[in-house]
């Protein structure tokens with residue numbers, strides 16, 4: 001029996017971020033449907049994949065249904081266009097918080113290359129149309145350009161995955177309550193000094209959207225236990 005925490009969410013199934021706009025969610029869904037139709041025309045059985053992606057889409061396509069689904073997951077819907085952005089540092093060293101490229105591009109970390117290109121186009125239009133201050137718009141578009149450049153390149157995407165992992169490990173190390181504050185600070189500094197570039201970047205798999213669904217369906221528990229409605 002697979003626990004709900006181990007099951008993919010509707011967002012993961014579609015390859016989008018939990019705060020992705022509805023426009024991008026629709027693009028991801030129909031791109032997957034097109035792949036399913038192509039495979040069906042070749043004689044392949046894709047009924048399970050069709051059910052999985054359609055059920056996921058039904059959970060997040062309509063705003064009112066999505067709100068209830070997000071509540072069940074404990075997700076916040078506050079996007080980068082409305083969320084208060086933080087500045088770090090002091091004086092001339094003060095800068096905006098480091099962006100999470102996947103959130104900026106509206107993507108899940110497992111999103112395939114084909115979806116990355118479409119997400120960059122969709123999110124650029126979203127930020128251009130959003131009723132926000134010009135300073136925030138320029139910042140978000142700048143972040144999006146960085147995100148698209150990084151996530152579209154397999155090598156850069158692999159290196160970025162290492163950076164995210166290192167950041168998570170540093171945060172975990174500094175958050176341990178048993179360590180005094182000065183020690184946590186030293187651990188954090190030491191972790192940043194150690195050159196992460198020497199580590200081998202993990203291979204970034206570039207499966208198609210349909211192949212992603214097949215992996216989820218073949219994971220422990222089988223297709224029946226991968227229904228996002230069960231989360």
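The values are calculated or read from the model by the stated rules, or taken from the named source; none is laboratory data. All figures in this text were calculated on a predicted structure; none of them were measured in a lab. As a convention, Cβ positions derive from the backbone with ideal geometry for all residues, glycine included, and neighbour counts pool all protein chains shown.
Quick notes on this one:
- Odd one out for residue 131, checked against (1) in a helix (DSSP H, G or I); (2) at pLDDT 90 or above: (1)
- Test: residue in region 137-144 that is in contact with a strand residue (DSSP E or B) (Cβ under 9 Å, 6 or more places away or on another chain) and at positive phi: no
- If the condition is being assigned to a helix (DSSP H, G or I) and without any contact (Cβ under 8 Å) to a residue 40 or more places away in the chain, then region 137-163 contributes 137, 138, 141, 142, 145, 149, 156, 163.
- Between 101, 57, 69, the distinction of being under 16 Å from residue 17 (Cβ atoms) and under 15 Å from the mean Cα position of the chain (by Cα) belongs to 101 only.
- Cβ pairs under 6 Å, 6+ apart, first in region 113-130 and free of Cβ contacts under 8 Å to residues at least 40 places away in the same chain, second surrounded by fewer than 16 Cβ atoms within 10 Å (Cβ to Cβ): 116/152
- Yes/no for residue 71 being part of a helix (DSSP H, G or I) and surrounded by fewer than 16 Cβ atoms within 10 Å (Cβ to Cβ): yes
- Residue satisfying condition, being crowded, with 16+ Cβ neighbours inside 10 Å, more than 23 Å from residue 7 (Cβ to Cβ), touching a strand residue (DSSP E or B) at 6+ places or on another chain (Cβ under 7 Å) and at pLDDT 95 or above, within set 119, 105: 119
So that you can scan it fast, the table gives a plain yes or no per residue for (1) assigned by TED's automatic domain parsing to the domain that holds residue 142; (2) surrounded by fewer than 12 Cβ atoms within 10 Å (Cβ to Cβ); (3) modelled with pLDDT under 95; (4) farther than 16 Å from residue 216 by Cβ:
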site: 22; (1), (2), (3), (4): yes, no, no, yes
site: 26; (1), (2), (3), (4): yes, no, no, yes
site: 42; (1), (2), (3), (4): yes, yes, yes, yes
site: 75; (1), (2), (3), (4): yes, no, yes, yes
site: 88; (1), (2), (3), (4): yes, yes, yes, yes
site: 94; (1), (2), (3), (4): yes, yes, yes, yes
site: 99; (1), (2), (3), (4): yes, no, yes, yes
